[in-house]
Amino acid sequence: MTHKIDRLRTFILPMLKCVCCNAHDLSLITDSEIRCNSCAKSYPVYQGTPIMLENTAEGMHFSSDVVIGNPYTAQWRDVIDRAAPGPVLDFGSGNNPDEIDNVVKLDVFAMPHVDVVGTGERLPFRDGTFAAVVSGAVFEHVQQPFVCAENIYKAMRPGAELYVETAFLQPYHAYPHHYFNMTTRGVTKVFEAFEPRVVGVLPWQGPLFTLHWIVRRWSEILAPGDREAFLGTTVGEIIREAQKNPFSDRWLNGFTPRDLEELACAVHFNGHKPAA
């Protein structure tokens, strides 16, 4: 805890800005409070983590199912090492346990290994701060991906490196919410302000992972007897069933609307413009 407060005071606080008035003049009043000297907005520091949200309570209340703590892969460490000793933002870090001196871990919840709580829509960092930004499995969960990309761009130094992995053919997964999946053209459009170096699909992002995720979850939803029959079915049988009847409900016994939403091929929206 003492180490986290010292790091906040010396390393992280100089990077922060007020998300209410965008002022850079912030002070660590006590070990549990940051205050904006411009607009007097107060931000709590929860167990060493500043909650840089307009509604600060939102950052401290979360359920255990959103706590994901994947360590950094070699791919990510290469980006971090290239940027060193410059600061690197991990945008949507989760509860990543790896401690790297030049990495600032941002998430929407104050999990133990998070450095700063904040959102991409109101990114709490000064312009021109970071030598690199990394983000994995996050952009499908943000409400406004174009706004987040613009704010990340502003927070980066000229020439800084960006590395993003995000979902395309993945089922609905809410950590805490799931909004937008992207194609390679989609992610290129979201980050069109950046000069692309490589855009594509890495070995661990291929169709086997998609198929495994969908089939595993599908089988888990079924009742035990149906699950055994489903897992004993060949891929060829499933394809022939779909060709014979695209609306077949075979192997869907017991699916709830939420289950269908998780594994849906598409969704629909019906609405109206509010009356004047």
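Bear in mind these aren't lab numbers, they're just calculated from the coordinates by the rules spelled out. Just so it is clear, the model here is predicted, and its values are computed rather than measured. Reconstructed Cβ throughout: ideal geometry from the backbone, glycine too, with neighbour counts over all protein chains shown.
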| query | Which loop-located GluC sites (Glu not before Pro) does the range 39-143 contain, where loop means any DSSP state but H, G, I, E or B and the Cβ has at most 15 other Cβ atoms within 10 Å? | reply | 54, 99, 121
| query | Just how far, in whole angstrom, is the range 210-228 from the range 107-134 if you go by their alpha carbon centroids? | reply | 36 Å
| Under 22 Å from residue 189, Cα to Cα: lysines that are on another chain or at least 8 residues apart | 154
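Remind me, relative contact order of the chain in percent, using alpha carbon pairs under 8 angstrom and six or more residues apart? Don't jump to the answer; show the numbers that get you there.
Details: 407 pairs, mean separation 32.9, N = 276.
This gives 12 percent for the chain.
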| message | Tell me the angle of helix 207-221 to the major Cα principal axis of the chain, expressed in degrees between 0 and 90 and rounded to the nearest ten. | response | 70 degrees
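Under 8 Å for C-alpha pairs, at least 6 residues apart: give me the relative contact order for the range 120-276, rounded to a whole percent. It would help to have the intermediate numbers written out before the result.
Details: 145 pairs, mean separation 31.4, N = 157.
The value is 20 percent.
So, with +1 on the Cβ of K and R and -1 on the Cβ of D and E, and no other charges, what is the size of the charge dipole of the range 92-147 about its Cα centre, to the nearest 20 debye? Mind showing how you got there, number by number?
On the way: 3 positive and 8 negative charges, 35 e Å.
Charge dipole, the range 92-147, about its Cα centre: 160 debye, nearest 20.
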| note | Interchain or sequence-distant (5+) residues whose placed amide H lies within less than 5 Å of the amide H of residue 104 are 88, 89, 90
| said: So if I place +1 on the C-beta of Lys and Arg and -1 on the C-beta of Asp and Glu, and nothing else carries charge, what would the dipole magnitude of the range 48-202 be about its Cα centre? I want it in debye, nearest 20. | reply: 320 debye
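Size of the dipole of the chain about the Cα centre, Lys and Arg at +1 and Asp and Glu at -1 on the beta carbon, nothing else charged, in debye to 20?
Numbers: 24 positive and 32 negative charges, 99 e Å.
Here the size comes out at about 480 debye.
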| Whose amide H sits under 5 Å from the amide H of residue 46, counting only residues 5 or more places off or on another chain, with H placed in the peptide plane? | 51
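Based on DSSP, what percent of beta bridges with both residues in the chain are antiparallel, to the nearest 5? Working shown, then result.
Values: 10 of 26 bridges.
Of those bridges, close to 40 percent are antiparallel.
May I ask you to sort 115, 259 by Cβ crowding, counting other Cβ atoms within 10 Å and putting the fewest first?
259, 115
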| said: Using a 10 Å cut-off around each Cβ, can you sort 8, 252 from fewest to most neighbouring Cβ atoms? | reply: 252, 8
| remark: By Cβ neighbour count within 10 Å, fewest first, 123, 89 rank 123, 89
| query | Rg to Rh ratio, the range 206-262, alpha-carbon atoms and Kirkwood radius? | reply | 0.95
| note | Taking only Cα atoms of the chain, the Rg to Rh ratio with Kirkwood Rh works out at 1.04
